[in-house]
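Peer 1: Starting off with a structure, shown below.
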Amino acid sequence: MPQADHSDEFLRVWPSRTIEKQWWSPLYGDLDTPAGWESQAPGDAFITREIKRLRP
């Protein structure tokens, strides 16, 4: 069964404890980062606000 691409969803994720360089979601478990996506470094409030403003 192919893995679903959740790139169109707003998910709260945390670093996976079992697979390096992947993410964990309470809804879906371990997830791959969608192609072309990057993680936003913490600390830049302006960029964080803009990302949240643009989400559906």
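Peer 1: Using a basic spin-label model with each label point 7 Å from the Cα along Cα→Cβ, how many nm lie between residue 14 and residue 54?
Peer 2: 2.7
Peer 1: Check residue 24: other-chain or 5+ apart residues with amide H under 5 Å from its amide H, H built from backbone geometry?
Peer 2: Here 14, 16, 31 satisfy the definition.
Peer 1: Residue farthest toward the positive end of the dipole of the stretch 8-53, with Cβ of Lys/Arg at +1 and Asp/Glu at -1: which of 47, 29, 18?
Peer 2: Most positive-ward Cα: 47.
Peer 1: If one takes the longest principal axis of the Cα atoms in the chain, at what angle in degrees, from 0 to 90 and to the nearest 10, does the Cα axis of helix 45-54 lie?
Peer 2: The answer is roughly 70 degrees.
Peer 1: Within the chain, report the GluC sites (Glu not before Pro) that DSSP leaves as loop and that have at most 13 other Cβ atoms within 10 Å. Numbers along the way, then the final one.
Peer 2: Numbers: sites: 9, 20, 38, 50; in loops: 9, 20, 38.
Here the GluC sites (Glu not before Pro) that fit, given the DSSP loop and packing criteria, are 9, 20, 38.
Peer 1: May I pose another question? For the chain, what is the charge dipole size about the Cα centre, in debye to the nearest 20, if Lys and Arg each add +1 at the Cβ and Asp and Glu each add -1 at the Cβ?
Peer 2: Values: 7 positive and 9 negative charges, 60 e Å.
For the chain, the charge dipole is close to 280 debye.
Peer 1: For the chain, what does -39500 (n - 2.57) per DSSP helix run (n ≥ 4), summed and divided by total residues, give at 222 nm, in deg cm²/dmol to the nearest 500?
Peer 2: After summing the helix terms and dividing by residue count, I get -5000 deg cm²/dmol.
Peer 1: What does the charge add up to near residue 10, with Lys and Arg as +1, Asp and Glu as -1, over the other residues with Cβ less than 12 Å from its Cβ?
Peer 2: Working: positive: 12, 52, 55; negative: 8, 9.
So the surrounding residues net to +1.
Laboratory data are not the source of any read-out in this text; all were calculated from the coordinates shown. This one's a predicted model, so the numbers in the text were calculated from it and none came from an experiment. Positions of Cβ are backbone-derived with ideal geometry, glycine not excepted, and every protein chain shown enters the neighbour counts.
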